[in-house]
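The values are calculated or read from the model by the stated rules, or taken from the named source; none is laboratory data. For clarity, every value in this text was computed on a predicted model and none was experimentally measured. Note: ideal-geometry Cβ built from the backbone for every residue, glycine included; neighbour counts use all protein chains shown.
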Amino acid sequence: MVCLKKKHAGFIHKELKYVELHGCVCTINAVEFARHLLRNVNSLKKITFGSLDKFYMGGRRWTKGFNNYWFERDFIHEKLKDEVKGQCQLIIL
């Protein structure tokens, strides 16, 4: 039996201060990436989500654009609100 374990390099992000995510930012992958940054990057000052595009809601359903904008904002805020530390701002455009 062969057991393969993927090792991840231990990156230290001392210089990373500002992150902007654009496009389809309401996917679980984008939110998980932002959560990882918020948990692991102590130098992060601001993370910005910017999208008025449609996004995937699951079950083969996409939003229809601007009408669902507030749902998108609420989704991102709900998923990340507990991860934001005092020195970092979460901006959802």
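A few notes on this one:
- Scanning the stretch 17-37 turns up at least one residue that is modelled with pLDDT of 85 or more, part of a loop (DSSP other than H, G, I, E, B) and surrounded by 12 or more Cβ atoms within 10 Å (Cβ to Cβ).
- If you go through the stretch 71-93 and keep only what is touching a strand residue (DSSP E or B) at 6+ places or on another chain (Cβ under 8 Å) and of a type in the set (A, V, I, L, M, F, W, C), you end up with 76, 80, 84, 88, 90, 91, 92, 93.
- Note on the stretch 45-93: enclosed strands (runs of 3 or more DSSP E) holding 1 or more residues that are at pLDDT 90 or above and among the charged types (D, E, K, R) are 46-50.
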